[in-house]
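This report refers to the structure that appears directly beneath it.
Values quoted throughout were computed directly from the atomic coordinates according to the rules given, and no laboratory measurement underlies them. Quick caveat, the model's predicted, so the values are computed rather than measured. We place every Cβ from the backbone using ideal geometry, glycine too, and count neighbours over all the protein chains shown.
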Amino acid sequence: MTARKTTIPKTVAPPNAARKQPDKCLLRLYVAGTTQQSTRAILNIQQICEEHLEGAYQLEVIDIYQRPQLAKDEQIIAVPTLVKKLPLPLRRVIGSFSDSERVLIGLDLRANLVN
């Protein structure tokens, strides 16, 4: 009886398989008018997103005075509130968002960081 040589085909990964792109984040920021607190929250979130998500996000700012039904549907009870809709799971963070580390942890975005 002679031994047979078995060849195992090599798997070839697609060129970009090793570099997994982070999921695009869908974020909704609920604010109340154009107050100083609302403005500060918007600026803080924009800075966090640009610094840590580098374009892999969509941020929608919702003024609860102009669109109260959206706030009601989302059960927003305090503002400013940031809601991460995607990727799942849904997360909420309330406050001024001045501590970027706490915001990223609260939104469960640490794994998606670009930096």
Under a point spin-label approximation (7 Å from Cα along Cα-to-Cβ), what is the residue 72-residue 110 distance to one decimal in nm?
3.9 nm
Take the alpha carbon atoms of the range 29-112, find their radius of gyration, then divide it by 2.2 N^0.38 Å using N residues; give the quotient.
1.02
